[in-house]
Amino acid sequence: MEINPLNQSLMDFLRRSPGCFHAVENLGNQLEAHGFQRLRETETWTLEPGGNYFVTRNGSSIIAFRLPEGEPCRLRLTAAHSDSPTFKLKPGPALTDGGLTRLNVEQYGGAIRQSWLDRPLSIAGRVLVEEAGTLRQVLVAPDRDLLLIPSLAIHFTAPEQEAPSVQNQLLPVLTAEGNPAALDDLLRLCGFDPETVVGMDLYLTCREAPRIWGLKEEFLSAPRLDDLACCYGALKGFLEAEAKQDALLYCVFDNEEVGSASRQGAASTFLRDTLDRLFAHWNAAPEQRHAILARSVLVSADNAHAFHPGYPSVADPVNRPHINGGIVLKHQAAQKYTTDAVTAAPCRMLCKRHDIPLQEYTNHSDQRGGSTLGNLSNAQVSLRAMDIGLPQLAMHSAYETMGTADLVSLVRFVWMFYIDQLPEVQE
Ligand code: CO
């Protein structure tokens, strides 16, 4: 199989994005390199017809948009999420015991805990530094293997081995010295005077290198594929597109893994507030605004479960996507996935028209299944929506697996979604 160069650039993006803050910074840099202008929520915006812009919130969510020359007929949006399951450092001294010093952490999102054992780890996130009474935010990601969470030897059988306790068993080891001030030493190693660090959001990050593997190089494994693979694929499709009659928006939200209800999550006002400013730029009266929104469409892109032959009983007997079988359209009767007939139809038509392989996913009817972005962002801005994703294995493992043929399908789908005819239905 010929490896699409897109996979190499995805792996590079993953390496440079050890956490949500770095991911959003890298996405912003790519947008700027393509002529997009950075806006700040704290400033007044002056937008030009036909302009390309982006804005971030909290440094961990981002919305980019391409404006048409006139008032848009509708909005075409994609959304993905920047965060992945991990562990967050707690404030206070490090824990020393038995000659080892461990950092005190708590869980962020629903990680497969065992998958974090015995792997090279580091920290990634942001610190706030005080400088003469002012504050500066600095992103931190030392390029070093600094931490590891050792598993228990097979010769001991502890009852918690299957689901280790975070507080007891999953604290990462930083040093073989009893050093309660080890966190300060870690900050010094990152180039800070610990006295000046007055705030921090630091998370563990898995340092396992992205790899392509398999007899025909069919697989790509890496940390944080959910959902940085969709963030990246959707960006590539967005950058290919041009706004004609419609406004094109590309959204990446933080905090999907913890319910999206933060100031910058999919359930926050970030999208609604940004749209308010766009509607003001178009001088759109409430009447026009409602009509534009009613014509608009959202693609929520978050990875989907591929079929695992070791666990056939958790998969639906029919709608079980395969690695390298193409992008996945997700359905759920309870509407955690937003797809319905009205949005599935244009999705299928687009894929057929452009030869994009498409698979369908439903949960096994006795499984509860997961949640994602589309239905949550609908609480603030209600839009026709579909949920799609890339098929992957080991979702929420520290090291996840996808197919090397699927990313190109996502990029092509997103691109066509932004520029091609989207037939409408009179409901
Ligand atoms: Co996800």
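Miscellaneous remarks
- Point-to-point label distance, ASP143-GLU41, nm (Cα→Cβ direction, 7 Å offset): 3.2
- Highest average first, the peptides 357-370, 235-248, 277-290 ordered by how many other beta carbon atoms sit within 10 Å of their residues are 235-248, 357-370, 277-290.
- As a ratio to 2.2 N^0.38 Å, the alpha-carbon radius of gyration computed for region 93-202 takes the value 1.19.
- Spin-label proximity, LEU135 to region 186-208 - amide N less than 13 Å from point 7 Å beyond Cα toward beta carbon: 197-201
- Flagged links, alpha-carbon separation over 29 Å, of LYS216/LYS236; LYS330/LYS352; LYS216/LYS352; LYS244/LYS336; LYS236/LYS330; LYS244/LYS352: LYS244/LYS336
- Computed E for GLN367/ILE212 - FRET, C-beta separation, R0 51 angstrom, nearest 0.05: 0.95
- Distance (nanometres) between label positions extended 7 Å along Cα→Cβ at LEU117 and ASP420: 4.7
- Rotationally averaged projected area of region 285-427 (alpha carbon convex hull; nm²): 9.8
- The chain - percent relative contact order, Cα under 8 Å, separation 6 or more: 22
- Between GLN167 and ALA341, the contour length at 0.36 nm per residue exceeds the alpha carbon distance by 58.1 nm.
- Accessible area of SER115 in the full protein assembly, 1.4 Å probe (Å², nearest 10): 20
- Alpha-carbon radius of gyration plus Dmax, which is the widest Cα pair, for the chain in Å: 22.2, 71
The values are calculated or read from the model by the stated rules, or taken from the named source; none is laboratory data. Just so you know, these numbers come straight off a predicted model, no measurement behind them. So basically every Cβ, Gly included, is an ideal-geometry build from the backbone, and we count neighbours across all protein chains shown. Remember, those area values only see protein heavy atoms, side chains included, never the ligands or the DNA or RNA. Shrake-Rupley method; radii C 1.70, N 1.55, O 1.52, S 1.80 Å.
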